[in-house]
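None of the figures in this text is laboratory data; all of them are computed from the coordinates on show. Just so it is clear, the structure is predicted and the values come from calculations on it, not from any experiment. Cβ placement follows ideal geometry from the backbone for every residue including glycine, while neighbour counts extend to all protein chains displayed.
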Amino acid sequence: MSQAPDLPLWAALLVSLLVVAGAGVAFLGSLGLVRLRSFYSRVHAPSLGATLGAGCILIASMICFSVLRSRPMVHELLISLFVTITTPVTLMLLARAALYRDHAEGRTNVPPLPKRRPEGAGPGEGTT
Amino acid sequence: MNRILTRILPHPKLFLALLAMWLLMNQSVSPGQILFGALVAFGGAWSMVALQPEPVRLRRPRAMITLAWRVFLDVFSSNFAVARIILRGRDGDRNAGFMTVQLDMTSHYGLAVLSIILTCTPGTLWVNYTSSTGTLLLHVLDLVDEEEWTRLIKERYERLLMEIFE
């Protein structure tokens with residue numbers, strides 16, 4: 001952080017605004033984990049931090065280091081790409097595990113799981 | 001010519017993508033980094049052969065740009081929508097529920113992209129897809145009008161994805 005004083009005022013303002021906004025959005029997402037009632041609703045909350053929250057902070061990082069090193073620094077794009085394609089995998093796994101558990105416990109307020117076709121009945125019924 | 005190229009370099013697009021990723025990560029385009037990145041990308045492209053992926057056919061770059069822009073706008077606006085639901089209080093998710101959508105798309109790549117789009121967008125969550133019937137089960141945080149969500153998925157995303165992948 002020793003480089004921070006070198007940042008011109010406009011950049012410092014923009015960067016701090018974006019960082020605070022991103023942190024705020026991520027915080028709201030975490031708050032959702034506490035406030036929403038059902039498990040399936042709570043799975044939606046972390047995606048706030050993973051999209052807009054992470055986006056704001058990564059843009060702030062791009063602006064900050066591009067200004068400090070006076071050349072474009074865009075490798076944060078890779079972070080956003082990887083976060084975008086990996087977060088859904090986790091969330092989908094969680095939701096499907098929850099659905100499976102609810103079925104195993106015999107709850108009726110969840111939609112039915114698709115029936116698996118018997119072995120040898122054509123190509124496997126892949127579920128994505 | 002093309003066949004010779006794919007015998008030496010099996011997945012040229014993947015090779016270029018991996019090379020670009022390597023150079024971006026190292027933030028340099030010096031000859032050494034290009035050489036090293038090319039080696040890594042070469043290994044990556046060849047290890048992909050062992051996985052035997054279905055060939056991808058990407059078409060309509062304009063549809064891709066439209067789709068990317070739509071997703072960007074929707075992710076942005078649904079962030080605010082979900083934030084509002086969270087701030088509404090303990091009863092905020094009273095409209096949450098499951099719904100099913102009948103998809104016409106069969107391309108695996110298209111479905112994978114759609115699942116990422118839907119799950120990444122706060123407020124919608126891809127739960128299950130049954131390929132024999134083409135039924136998608138998803139969980140929606142603000143399920144007031146099921147028709148509207150169906151229209152959003154089918155017209156806003158699925159049509160473009162089918163143009164790109166099928």
I need the calculated FRET efficiency for the pair A:Val34 and B:Thr6, taking r as the beta carbon distance and R₀ as 51 Å, to the nearest 0.05.
0.45
Take peptides A:18-24, A:54-60 and line them up by average Cβ neighbours within 10 Å, highest first, as a rough protection proxy.
A:54-60, A:18-24
Could you compute the FRET efficiency for B:Lys13 and A:Ile79, with r as their C-beta to C-beta distance and R0 at 30 Å, rounded to 0.05?
0.85
Could you tell me what % of all Cα pairs in the protein assembly as shown have separations over 31 Å?
41 percent
Average partner coverage of A:80-90, which counts Cβ from other chains inside 10 Å
3
Give the order of B:Thr119, B:Thr106, A:Thr87 when sorted by the count of other beta carbons within 10 angstrom, beginning with the fewest.
B:Thr106, A:Thr87, B:Thr119
For segment B:87-136 and segment A:1-54, compute the distance between their C-alpha centroids and round to whole Å.
24 Å
Ranked highest first by the average count of other Cβ atoms within 10 Å around their residues, in what order do B:140-149, A:29-38, A:8-17 fall?
A:29-38, B:140-149, A:8-17
Explain nothing, just the number: relative contact order of segment B:1-122, from Cα pairs under 8 Å at least 6 residues apart, as a whole percent.
22 percent
Over segment B:2-51, what relative contact order in percent results from Cα pairs under 8 Å that are six or more residues apart?
48 percent
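Which whole-number percentage describes the relative contact order of segment A:1-75, with Cα contacts under 8 Å and a sequence gap of 6 or more?
Answer for segment A:1-75 is 38 percent.
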With Cα atoms, 0 to 90° folded angle of helix B:12-26 axis to chain B main axis
80 degrees
Could you list log10 I(q)/I(0) for segment B:2-51 at q = 0.15, 0.27, 0.28, 0.32 Å⁻¹, which the Debye formula gives when each Cα is one point scatterer?
-0.38, -0.94, -0.98, -1.13
